[in-house]
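The values are calculated or read from the model by the stated rules, or taken from the named source; none is laboratory data. Note that the structure is a prediction, hence the values are computed from the model and not measured. Glycine also receives a Cβ, built like all others from the backbone with ideal geometry; neighbour counts cover every protein chain displayed.
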Amino acid sequence: MAVVALKKKEAPKAINVNDILKGARKAETPSKSKVPVIEADQGMKELAAEIPELVGELPIDGEKALRLSILSLVESNSAAIGMFLGKGNEMPYYSHYLAEEAWKRLAEMPGPELLETLKRLSLICLMDKNTTIPKIRREVANHLGSDLKTEWRITPEYLQKKTVSEIHAIAKQFKLFEDEKAQKFLIDHGKKAGRFDTCKKGELVKIILESGIDLAGVVPEEILAK
């Protein structure tokens, strides 16, 4: 008969109160990496209080206010700072070194160039998909005087991306196939009168684009929403 040796049960270790207190103090003390950095330089603290007052006193159409506006743009958008520094509009990163270079150039920029620079950089930010969403870009375009309902036209590229059902839906919404020119084009190309439903996609595209029907104002909602 095999004899099984029983493992001797270890006695529990004695609790050391000093170790517990030491661990508690360690838990209460944040690591150096997590402690917020507090600016010790009194001069910087005074600037932090003084700058808002100085900016508030600036004339809104003065050169200094324009320089601050431009600085805000280049510091918030990598494409803007890239173009401003002549490094291209595809800057893969942003750094304080670039900001310092930008401010040096900006501080020395002649006054007459500031407004044009502000307009140019504003456009870069507006057209940057990482900065401005399509809906806001559309609203800005309307604000600037754009009117897609009169300016936009259906293109072959747009229709080629649509299914036959989607093309019929567009035609129905704008009553394109009720136009006499569309009906005549259909018959002239060997189809029975009114049988737009028998047309293939390419034939529907030709009817819409080549029959001579007026496409002004034919702007699907998805275009207006962009």
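Things worth noting here:
- Residue within the range 89-96 that is surrounded by 10 or more Cβ atoms within 10 Å (Cβ to Cβ) and either at pLDDT 75 or above or assigned to a helix (DSSP H, G or I) (or both) present: no
- Subset of the range 169-192 [assigned to a helix (DSSP H, G or I), surrounded by 11 or more Cβ atoms within 10 Å (Cβ to Cβ) and of a type in the set (Asp, Glu)]: GLU178
A quick yes/no check of all residues on (1) under 36 Å from the mean Cα position of the chain (by Cα); (2) small (Gly, Ala, Ser); (3) under 30 Å from SER76 (Cα atoms); (4) not assigned by TED's automatic domain parsing to the domain that holds PHE84:
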site	(1), (2), (3), (4)
ALA141	yes, yes, yes, yes
THR155	yes, no, no, yes
PHE174	yes, no, no, yes
ALA182	no, yes, no, yes
GLU210	no, no, no, yes
ILE213	no, no, no, yes
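- The range 193-207: number of residues that are touching a helix residue (DSSP H, G or I) at 6+ places or on another chain (Cβ under 7 Å) and assigned to a helix (DSSP H, G or I): 5
- Criterion applied to THR150, THR117 was being over 30 Å from LYS64 (Cα atoms) and either assigned to a helix (DSSP H, G or I) or of a type in the set (Phe, Trp, Tyr) (or both), and the one residue passing it is THR150.
- Taking (1) part of a loop (DSSP other than H, G, I, E, B); (2) free of Cβ contacts under 8 Å to residues at least 12 places away in the same chain in turn, GLU166 satisfies each apart from (1).
Table: residues versus (1) on the phi > 0 side of the Ramachandran plot; (2) modelled with pLDDT of 85 or more; (3) assigned by TED's automatic domain parsing to the domain that holds CYS125.
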{"residue": "LYS26", "(1), (2), (3)": "no, no, no"}
{"residue": "PRO36", "(1), (2), (3)": "no, no, no"}
{"residue": "GLY82", "(1), (2), (3)": "no, yes, yes"}
{"residue": "LYS87", "(1), (2), (3)": "no, no, yes"}
{"residue": "GLU108", "(1), (2), (3)": "no, yes, yes"}
{"residue": "GLY111", "(1), (2), (3)": "no, yes, yes"}
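- Per this entry, LYS172 is not counted among residues that are in contact (Cβ under 8 Å) with a residue 40 or more places away in the chain and among the basic types (Lys, Arg).
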